[in-house]
Amino acid sequence: VARSISLDQNVITYLENLCTRSYFFVYGTRTTLGERLAQFFRHDWPTAVRSAWRPTLLSAVCLFGGALAAFVLCMIDMEWFWSLQASGLAGDRNPNATTEYLQSTLYSDTTDADGLLSAFSAQLFSNNSGVALFAFALGFMFGVPTALLIAYNGVILGAFYALFWSRGLGFEVTGWLLIHGVTELFGIVLAGAAGFMIGGAVAFPGDKDRLASARDRGQSAAMVAVGVVVMMFIAAILEGFGRQLINSDLIRYAIAGTSAVLWGTYFYLPKRRHVIDD
């Protein structure tokens, strides 16, 4: 009506702005950032992880299958270590090191007086998050590069573990790894699962075209991948501080067990949703 009879452009502008505001009020989100984050951690993330249990199992098979294969090969012939272990990743912890030296690397009296542990933790977070997001991003290529990357990380782990196991340090190195490894390895498995979700959508789009299938499945996969970054941050803290400052094997195992229970409960224990009727 104003457009047809009004000679005042300011009235028309005011009414158009009012309509725009009302549109966003009716159809836009009404939650704050804090409420949205709470919804993500309380419901969206664990729901996305639970729905991806098949890709999660496949990712776990790739990781631990690679670790088992490398472990068996190295236990048969430790010369395999040099081929399977990433160059420079293990440092001086190799078959040429003495058992006493390998054992000494599992314990530390390092303090954080000069901030070294903080820098180390930040570096670990950057590296681990990069691996996880890379595994997710490669999923669009039918999941094949994701499977190779996850399996390769398992191979590195298996070769490293076999070295210490062959020296009778299996109990010690397990606690040294699991204090952060429960969170870190679970995060890598979930990142691989997110990549497989994308790969499965592209390879088996069903009635949709591949792009639409990847877009629909990608929303849930991205939810999983974003949460993995949080897990990598926690793992970096545990690895950068907890593993370096805690030298008790029993405490390391206790932290690892607690982490496993907490993550398992958080992701897979059914949660009740409170629905408010209109």
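The values are calculated or read from the model by the stated rules, or taken from the named source; none is laboratory data. Source: prediction; values computed, not measured. Here the Cβ positions follow ideal geometry from the backbone for every residue, glycine too, while neighbour counts run over all protein chains shown. The area values use the complete protein model at the heavy-atom level, side chains included, leaving out ligands, DNA and RNA. Shrake-Rupley method; radii C 1.70, N 1.55, O 1.52, S 1.80 Å.
Some observations on this one:
Each row is one residue, and each column tells you yes or no for (1) at positive phi; (2) part of a helix (DSSP H, G or I); (3) modelled with pLDDT of 90 or more.
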site	(1), (2), (3)
Leu58	no, yes, yes
Leu63	no, yes, yes
Val72	no, yes, yes
Phe81	no, yes, yes
Pro95	no, no, yes
Glu100	no, yes, yes
Tyr107	no, no, no
Ala113	no, no, no
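- Search result, residues across the range 58-71 that are within 13 Å of Gly158 (Cβ to Cβ) and either aromatic (Phe, Trp, Tyr) or without any contact (Cβ under 8 Å) to a residue 12 or more places away in the chain (or both): Phe64, Phe71
- Restricting Phe171, Phe241 to those that are at pLDDT below 90 and among the aromatic types (Phe, Trp, Tyr) reduces the list to Phe241.
- Among the residues of the range 200-228, just one is small (Gly, Ala, Ser), farther than 29 Å from Leu37 by Cβ and in contact (Cβ under 8 Å) with a residue 40 or more places away in the chain, namely Ala203.
- Tally of residues being in a helix (DSSP H, G or I) and surrounded by 15 or more Cβ atoms within 10 Å (Cβ to Cβ) across the range 30-56: 9
- Val1 being open to solvent by less than 100 Å² (accessible area, probe 1.4 Å) and without any contact (Cβ under 8 Å) to a residue 12 or more places away in the chain: no
- Test: residue in the range 37-57 that is among the acidic types (Asp, Glu) and within 28 Å of Ala159 (Cα to Cα): no
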